[in-house]
Amino acid sequence: MSIERAMDILRKYPLCDHCLGRLFARLGTGLSNEERGKAIKDYLLMRIHERILSEGLSDELLNDIKALAMSGHEPSIKFLSNMGINASPAKCYVCGGIIFNRLDEWAITIANSLRSLGIEFRSFRLGSKVPLDILNRELSITTEFSISSAESIKREINRELGKRVSAILGVPFSREDPDVEAVIDVSTGSVEVQVMPIYVSARYRKVHRLINREGQGRWPIDKVVQAYGARDVIIHAGGEDPVGVRVLGNGRPVILQVVKPAKRPDINDVYPLLRDSNYDVVLDNLSRVRASAVDKMKARVRDYVITYRVLAITANSITDGSIKSLHDYFRNRQVVQLFRRGRRVRRRVSMVYELDGRVVGDRLVEFLIRCQGNLYIRGFVHGGYGNVEPSIAGTLGFSVRPVEVDILNISD
Ligand SMILES: [Zn+2]
């Protein structure tokens, strides 16, 4: 897009310095849109002046100066007034002249709104709601003149306000991972602020065998709420523990979403609060992560490799020889589980990688099963009422009832 086309645009649409400069955003790095728009208008006026000196004043050149004056270009207004022509600027076709002269005022409103949250924050993000008719007029110009170098008005508003708010608060702007966010509606000047959640990734262990109905045990959530001065904490776990199962070893991945935190303590200062034997769940390996970590974690759950310890009672006594044949049979074996809901049947395929066992007593066996995270472990042992194939009970040909299940390791 050549700068010469700017004259074609201004002949048709009066644009303020910001809105003209934005159309040529790829040209002249280091210039603000306002500086760029002004520079283009200066350049256009000089070109016209040069032609007047060589060819004399024509209607075409006079109209071009009038177009520049209409766009609010002071030197062009002065140029005309020296010729005894009065010209007054028109409202900018895109922004209507009601946005860029209010940035300083809005920045103060935004800074005050963020301060009034009364919380600690080390970075902020800004958004803006811009009336649709402004966005549509901007789009119609870039389309009509096939402009590909333009920046959007929203981006300019957010950046310019961001700079100002950052200077007032002494806190940096962060697009990716802010502590708080402010959104300004530029048609009303009203500001909405929100505290962004903190995401803490951890591993949890359940050291007691929980027999309560929930089976999820007591988490030290109240301690986390207290540490962050938070409204609430949402637990996103990497998979679900079967009821009554202890989670030992390295524990299961979990991400805690700390809602509306008022404080942002160092993660190392959170640990001591969690050390309390009144809880069933122990949290370790804490680290700050981004919101996107939740989806990433959940996407991996079915591919976790979990090692279970299962203590089971068998209907018949079991020999070392039959454990050896189970071991050989279930090496890298696919297991199919059927889930029936009404007439619908869902099929889930899981891998059992390795199975070991030892006879603990008469009709009492301990199994170590290394398998894919999505295996229905109890069903795999007892046969799932015919819905798990192959299973330990099915392979042995008599009933096998799991009495204790523990998770010894999770590779995620
Ligand atoms: Zn404008």
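The values are calculated or read from the model by the stated rules, or taken from the named source; none is laboratory data. Keep in mind the model is a prediction, meaning the values are calculated, not measured. Every residue, glycine as well, gets a Cβ built from its backbone with ideal geometry; the counts of neighbours run over all protein chains shown. Keep in mind that these areas ignore ligands, DNA and RNA; they rest on the heavy atoms of the full protein, side chains included. Shrake-Rupley method; radii C 1.70, N 1.55, O 1.52, S 1.80 Å.
Computed quantities for the displayed model
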{"read-out": "Probe 1.4 Å, all protein chains present, accessible-area order of Ser411, Ser32, Ser277, largest first", "value": "Ser277, Ser411, Ser32"}
{"read-out": "Share of alpha-carbon pairs per 20 Å distance bin for the chain, given as whole %", "value": "21, 31, 23, 18, 7, 1"}
{"read-out": "Summed residue charge, Cβ within 12 Å of Leu45's Cβ, Lys/Arg positive, Asp/Glu negative", "value": "+2"}
{"read-out": "Whole-Å distance, taken between Cα centres, linking the stretch 157-205 and the stretch 123-138", "value": "15"}
{"read-out": "Inter-label distance for Arg401 and Ile108, nm, one decimal - labels placed 7 Å from Cα along Cα-to-Cβ", "value": "7.7"}
{"read-out": "The chain: calculated mean residue ellipticity at 222 nm from DSSP helix runs of at least 4, using -39500 (n - 2.57)", "value": "-10500 deg cm²/dmol"}
{"read-out": "For the stretch 394-406, Karplus couplings with θ = phi - 60° (6.51, -1.76, 1.60), whole Hz, Gly/Pro x", "value": "x, 6, 6, x, 8, 6, 10, 10, x, 10, 9, 10, 10"}
{"read-out": "Amide H within-cut-off set for Asn250, under 5 Å, with H built and near neighbours excluded", "value": "Ile410"}
{"read-out": "Local electrostatic count at Leu256 - Lys and Arg +1, Asp and Glu -1, tallied over other residues with Cβ under 12 Å", "value": "+2"}
{"read-out": "Summed residue charge, Cβ within 14 Å of Ser2's Cβ, Lys/Arg positive, Asp/Glu negative", "value": "+1"}
{"read-out": "Note, ³J(HN,Hα) from phi for the stretch 171-180, Karplus 6.51, -1.76, 1.60, rounded to Hz, x at Gly and Pro", "value": "10, x, 7, 9, 6, 7, 9, x, 7, 9"}
{"read-out": "Only Lys, Arg (+1) and Asp, Glu (-1) charged, at Cβ; the stretch 100-195 dipole about Cα centre in debye", "value": "160"}
{"read-out": "Exposure of Val365 as accessible area (Å², to 10), given a probe of 1.4 Å and all protein chains", "value": "0"}
{"read-out": "Mean separation of Cα contacts under 8 Å (6+ apart) over length of the stretch 49-112, as relative contact order %", "value": "21"}
{"read-out": "In Hz, Karplus ³J(HN,Hα) per residue of the stretch 35-42 (6.51, -1.76, 1.60; θ = phi - 60°; x = Gly, Pro)", "value": "5, 5, x, 5, 4, 5, 5, 4"}
{"read-out": "DSSP bridge pairs, the chain: antiparallel proportion in percent, nearest 5", "value": "90"}
